[in-house]
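Note sheet for the following structure.
The values are calculated or read from the model by the stated rules, or taken from the named source; none is laboratory data. Because the structure is predicted, anything quoted here is derived from the model rather than measured. Ideal geometry is used to build each Cβ from the backbone, glycine not excepted, and the neighbour counts take in all protein chains shown. What goes into the accessible areas is simple: the full protein's heavy atoms, side chains included, and nothing from ligands, DNA or RNA. Shrake-Rupley method; radii C 1.70, N 1.55, O 1.52, S 1.80 Å.
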Amino acid sequence: MPLISLRNVTKSFPPGRRGDPVVHAIDNVSLDIEAGEIFGIIGYSGAGKSTLVRLINALEKATSGEIVVDGHQVTNVPDRQLRTLRLDIGMIFQQFNLFNAKTVWNNVAYPLRVAGRTRDEIQARVTELLDFVGLADKASNYPEQLSGGQKQRVGIARALATSPKILLADEATSALDPETTHEVLRLLRRVNEELGITIVVITHEMDVIQTLATKVAVMDGGRIVEQGEVFDVFSNPREASSRRFVSTVVRGIPSPDELSVLRERHTGRIVTFSFRDGDSSQASVFLELAAAGVEFELVYGGINDIRGRAFGHLTLALTGQDAVITSTLQTMAGRIAVKELA
Amino acid sequence: MEDLIPLTPQLWEATYETLYIVGLSLLFGGLGGLLLGIGLYTTRSGSILGNRAVFGTLNVIVNIFRPIPFIIFLAAAQPLARAVTGTGIGNSAIIFTLSLAATFGISRIVEQNLLTVQPGVIEAARSVGAGRLRIILTILIPEALGPLILGYTFIFVALVDMSAVAGSVGGGGLGNFAIQYGYRQFNPVVTWAAVIVIVLLVQAVQLLGNVLARRVLRR
Ligand SMILES: Nc1ncnc2c1ncn2[C@@H]1O[C@H](COP(=O)(O)OP(=O)(O)OP(=O)(O)O)[C@@H](O)[C@H]1O
Ligand SMILES: [Mg+2]
């Protein structure tokens, strides 16, 4: 049984002003997340990512549909029960959302006080958590005395305080510089591997998905348009809208603007070859083109690595006899994705 | 100057009375304003008790009563003061009226300061399972405490001002002292003595408020 399960869930917000249309933030979404996964959710701004995640810990109430977390119904249950549910789900935020009036220690202790733990239990657990996130020496500091990365580590310690099964991360690294981002991502990976906590990460950063996620869902207009293994979705997106989104984060496919610049600079036909590991190698493509007497120049491209598997797109400008180019491309097309850019 | 010396006991008496009136008004009005302010904040749509009808009602009530000039408020509220305290004049009635006026004034200050607390912080508290009352007491108020202290200091000063006005219509305190022994006796030295005491009082409280707020804000 999946740890988190959504069935035909919708969430609409009443219009902000009279006369405005109702906002369908989540539109008939069904989704299963298995225990132990790191599940990525990506999509454009306003796609409904935050709303989807906030439905899981009932910060928002679903308009219709069913949500089950760890065997417990989340929809249509009284507030008191929701509060017990939330002990099982930690959450971290883009802006950290630490309690500014409390020390690091008291930030981490807060969920334990809410849960009614004893002084001794709190003492032991907070010590353990601050050790885990490497902030034992900052216990008596206030949030404003910490760097962004340290703040997020406090956020993580606070979210883990009650030993939840699930950690929700809404753009948890978007406010951090690349190096700090990696530090936090490493910590999140430890949370998953050492503590066995299932993580749901919302992000618009390719890096986060690439280094962390095992599965990914692409959202657009309140719907999940595509989901699956990260490698599959990124190397070969099937739906037009996920292809559009993936191409904005994956290096290698020229945008329409970039394409027109390429056209100005290069004569000949512009063709993109897409490689996934297991496909015939780049070398064979170059050899075949050379053997057919087609001249080629690499004009655009990039190779990505997801958990040790490579994929990428190389765009070449080809010059030579038109018919030869066409037939060479045709013979290659069976083994590799070839796309002529019009 | 020689007129002032025999009046020294009355001056101290009046100072004590002002502190008594203002202190109790600040206590009652402060509590009332805190509750009303929290009511306004929490019932605003999207907040933890979001309820349009309740918010709208509270909002209208505050909007009606808060801007009334205090001297008029004092007269208008007199029947109510008599009904509650048993007398329409004297310090009890004044304290009642001041507390009521302060409640409306403070409620907006409280509401505005609570609104400066990042919604995300409240969200974080909700996400760890904290209930509404706990959030108000352990997150919302502590997060806004620095500006709240400054807001209450501001209201203390306003109450000193309002209590002096009340002194002119039958209350005790420094306002009454200045009018009775200074203004009516054509004795500006006595009036100025009252002014100096008021200035010192206000300065002392403002200083205390600033120090406390700075300590809470850690700056
Ligand atoms: N409390 C709310 N009231 C009204 N509309 C809302 C509310 N929360 C979200 N929405 C709307 O729902 C839609 C989805 O919002 P959501 O915050 O889930 O998007 P998102 O994918 O997280 O975007 P971003 O990447 O910018 O964070 C948007 O159109 C947004 O305006
Ligand atoms: Mg969002």
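Laid out as a table, the results:
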{"item": "Index of the failed condition, A:Leu55 passing every other in (1) of a type outside the set (Phe, Trp, Tyr); (2) under 15 Å from the mean Cα position of the chain (by Cα); (3) not in a strand (DSSP E or B)", "result": "(2)"}
{"item": "Selection count where residues are crowded, with 18+ Cβ neighbours inside 10 Å and away from every other protein chain (no Cβ under 14 Å), scope region A:105-147", "result": "6"}
{"item": "Among the residues listed as B:Arg66, B:Arg126, the single one being within 26 Å of B:Val202 (Cβ to Cβ) and touching a residue at least 24 places away in the same chain (Cβ under 8 Å)", "result": "B:Arg66"}
{"item": "Failed criterion for A:Ile92 (all others in (1) loosely packed, with under 15 Cβ neighbours inside 10 Å; (2) within 11 Å of chain B (Cβ to nearest Cβ); (3) within 16 Å of ligand 2 (Cβ to nearest atom) hold)", "result": "(1)"}
{"item": "Only listed residue being away from every other protein chain (no Cβ under 14 Å), touching a strand residue (DSSP E or B) at 6+ places or on another chain (Cβ under 8 Å) and more than 16 Å from ligand 1 (Cβ to nearest atom), chosen from A:Leu195, A:Leu185, A:Leu212", "result": "A:Leu212"}
{"item": "Residue pairs meeting the criteria (Cβ under 7 Å; at least 6 apart or on separate chains; first more than 18 Å from A:Arg276 (Cβ to Cβ) and in contact (Cβ under 8 Å) with a residue 40 or more places away in the chain, in region A:319-339; second of a type in the set (Gly, Ala, Ser) and open to solvent by 80 Å² or more (accessible area, probe 1.4 Å))", "result": "none"}
{"item": "The listed residue being modelled with pLDDT under 95 and either under 17 Å from A:Arg158 (Cα atoms) or within 16 Å of ligand 1 (Cβ to nearest atom) (or both), out of A:Asp79, A:Asp88, A:Asp70", "result": "A:Asp88"}
{"item": "Residues located in region A:288-336, provided they are among the small types (Gly, Ala, Ser) and more than 23 Å from A:Val261 (Cα to Cα)", "result": "A:Ala290, A:Ala291, A:Ala292, A:Gly293, A:Gly308, A:Ala310, A:Ala323, A:Ser327, A:Ala333, A:Gly334"}
{"item": "Single condition A:Glu297 does not satisfy, out of (1) touching a residue at least 12 places away in the same chain (Cβ under 8 Å); (2) of a type in the set (Asp, Glu); (3) in a helix (DSSP H, G or I)", "result": "(3)"}
{"item": "Odd one out for A:Thr162 among (1) in contact with a strand residue (DSSP E or B) (Cβ under 9 Å, 6 or more places away or on another chain); (2) within 22 Å of A:Lys49 (Cα to Cα); (3) in a loop (DSSP other than H, G, I, E, B)", "result": "(2)"}
{"item": "Matching option when the condition is within 16 Å of ligand 2 (Cβ to nearest atom), hydroxyl-bearing (Ser, Thr, Tyr) and more than 13 Å from chain B (Cβ to nearest Cβ), among A:Ser30, A:Ser45", "result": "A:Ser45"}
{"item": "Considering residues of region A:161-182 that are among the polar types (S, T, N, Q), away from ligand 1 (no atom under 16 Å from the Cβ) and away from chain B (no Cβ under 13 Å) only, the residue surrounded by the fewest Cβ atoms within 10 Å (Cβ to Cβ)", "result": "A:Thr180"}
{"item": "Matching residues, region A:55-79, being crowded, with 21+ Cβ neighbours inside 10 Å and within 16 Å of ligand 2 (Cβ to nearest atom)", "result": "A:Leu55, A:Ile56, A:Asn57"}
{"item": "Helices (runs of 4 or more DSSP H) completely within region A:201-272 that count 1 or more residues being touching a helix residue (DSSP H, G or I) at 6+ places or on another chain (Cβ under 8 Å) and farther than 15 Å from A:Leu341 by Cα", "result": "A:206-212, A:230-235, A:240-249"}
{"item": "Residue in region A:70-89 that is nearest to the other protein chains (Cβ to nearest Cβ), counting only those that are assigned to a loop (DSSP other than H, G, I, E, B) and of a type outside the set (S, T, N, Q)", "result": "A:Leu87"}
